[in-house]
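Let me begin by presenting the structure, written as structure tokens, before commenting on it.
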């Protein structure tokens, strides 16, 4: 008889321990003062993309490894990237007006270039393509200190 009472008391104790543990967990989960929605500072979000390609004469061949820059017309903020092996480039930008620039090599000229691009919050991809060709008159090169000519005379 005492053994039966001991097992009954043990089961009752186990039941109450489990019930109190569940009640404590529920009370901690429902505590006040902790917001469900995080209203803290958020990381800055980029709202738009400007992408395009750089192609050779007649727009046929991709030009890889060229430096392309995007400049915010209002703020002057500048980003640069190099074109991929397919001649492509991509910039993540905030809303605003942008000018896209391409660094040319000696003897090249721009045949086709984009104008000023306006990027809105809803613009997922503003496209900017360049086509470069041979220049009839090569650009004059400014003297450099390492070309053996010495410093420039003003």
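Taken together, the values in this text are just the output of simple stated rules run on the coordinates, not laboratory data. Quick caveat: nothing in here was measured; it's all calculated off a predicted structure. No Cβ is skipped: glycine too gets one built from the backbone with ideal geometry, and neighbour counts run over all protein chains shown.
Things worth noting here:
- Filtered by the rule that a residue be closer than 14 Å to residue 49 by Cβ and surrounded by 15 or more Cβ atoms within 10 Å (Cβ to Cβ), region 66-80 gives 68, 70.
- Scanning region 51-76 for residues that are without any contact (Cβ under 8 Å) to a residue 24 or more places away in the chain, in contact with a strand residue (DSSP E or B) (Cβ under 7 Å, 6 or more places away or on another chain) and more than 23 Å from residue 109 (Cβ to Cβ) returns a single hit, 74.
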